[in-house]
Amino acid sequence: MRIGILTSGGDCPGINATIRGVCKTAILNYGMEVIGIHGGFKGLIDLDFEVMTEKSLTGLLTMGGTILGTSREKPYSKKQAIPGVDKPALLKANIEKLGLDAVVCIGGNGTQKTAGKMARAGIPVIGIPKTIDNDVAGTDLCFGFHTAVSIATEAIDRLHSTASAHRRVMVIEVMGHKAGWIALYSGMAAGGDVILIPERPYDMNCICQAIMNRMQRGKNYAIVVVAEGLPTPNPGRAGEYIASTISEVTGIEARETVLGYTQRGGSPCSFDRILATRMGSHAVELIAEHRFGHMVAVNGGDITSVPLIEVAGNTRLVPPDHELIIQGQHMGVCFGK
Ligand code: F6P
């Protein structure tokens, strides 16, 4: 068989480890040929590709980013349509031209949605979920998430001492537009006093009261972890709004730190390397069994798969009564109300 592989959407640690898992399993175990498509779906439209060999895989396990490159190209999107260009037809024709028996699409929610549309158009496709946000429906986990949580946790750990030295409130804004998984996990791992996620409503008076109560208990600083997607009345950054409001209401100095793209860059942690490897390898097993139209997924501790049509368009949010939230509340953490 000859298969194609592409990476689409925002990058995250572990993509290259997945590419390695797919290519090594395909080439060494199944004797398949692998075509690496450059720049996500754009490369399929422009026919920009390379033939993957064992040599192309050197050093990939630990490398951040994606050697194939990525883009936000969505071939079925009306917003991205170009007059006179039938992107879906071009995509299908180019897959046939390249003689691909299957296409592996590594990406987040948008990519899996596109993969679902390809499957519906009769293209043999396999999805592999990736995002630091951990918000792809149909899987318990995406690689990249644990690395991002470790990076955020280490950064928050470092803010405790400077917060204490200056008797300040430190507000740390982490990634997560719709889902607050990174904020919840890094906030709990780094001993946050207030953790705010988009899935839960919040009240600034409760937050300020929680901080003042902590100060009255003899603590001279506080750590507030905020997901970037937290809705606020202002158009600016969520962290900025939370920090300035805390300062205004409590009179305590507050500072904001935005972790941004540091959470997405660099080498994957060992957990993500293993997860990426398992997912990549399983994608090829599905192809060998001709089980197309599926996305590789984690269910409990097992690697399994789900039909792409069950995934498309759904976001995996933090349940507002998630066990970790309840346990955090029992330990005095404020989750906004
Ligand atoms: O990968 C997901 C994510 O990291 C979001 O949390 C973040 O806001 C977004 O991607 C930003 O990505 P970009 O600026 O590359 O579109």
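The values are calculated or read from the model by the stated rules, or taken from the named source; none is laboratory data. All figures in this text were calculated on a predicted structure; none of them were measured in a lab. Note that we place each Cβ from the backbone using ideal geometry, even for glycine, and neighbour counts take in every protein chain shown. Ligands, DNA and RNA are excluded from the accessible area calculation, which covers all protein heavy atoms including side chains. Shrake-Rupley method; radii C 1.70, N 1.55, O 1.52, S 1.80 Å.
Considered as a group, the residues in region 152-184 that are among the hydroxyl-bearing types (Ser, Thr, Tyr) and more than 13 Å from Gln263 (Cα to Cα) include one that is nearest to the ligand (Cβ to nearest atom), and that residue is Thr162. Each residue in region 282-304 was checked for being open to solvent by less than 30 Å² (accessible area, probe 1.4 Å) and more than 18 Å from the chain's Cα centre (by Cα), and 5 pass.
Looking across region 2-52 at every residue that is farther than 18 Å from Ser281 by Cβ and out of contact with any Gly (no Cβ under 8 Å at 6 or more places or on another chain), the one that is most open to solvent (accessible area, probe 1.4 Å) is identified as Lys42. Scanning region 305-337 for residues that are surrounded by fewer than 16 Cβ atoms within 10 Å (Cβ to Cβ) and over 22 Å from Asp135 (Cα atoms) returns Gln329, His330, Met331, Gly332, Lys337.
Confirm whether Lys219 is in the same structural domain as Glu253 (by TED's automatic domain parsing), surrounded by fewer than 21 Cβ atoms within 10 Å (Cβ to Cβ), part of a loop (DSSP other than H, G, I, E, B) and in contact with a Leu (Cβ under 9 Å, 6 or more places away or on another chain). No; evaluated as a whole, the condition is false for this residue. Does region 250-261 contain any residue that is within 19 Å of the chain's Cα centre (by Cα) and surrounded by 18 or more Cβ atoms within 10 Å (Cβ to Cβ)? For region 250-261, residues within 19 Å of the chain's Cα centre (by Cα) and surrounded by 18 or more Cβ atoms within 10 Å (Cβ to Cβ): present.
Scan region 246-262 and give yes if some residue there is outside any helix (DSSP H, G or I) and among the basic types (Lys, Arg), otherwise no. Yes: one or more hits.
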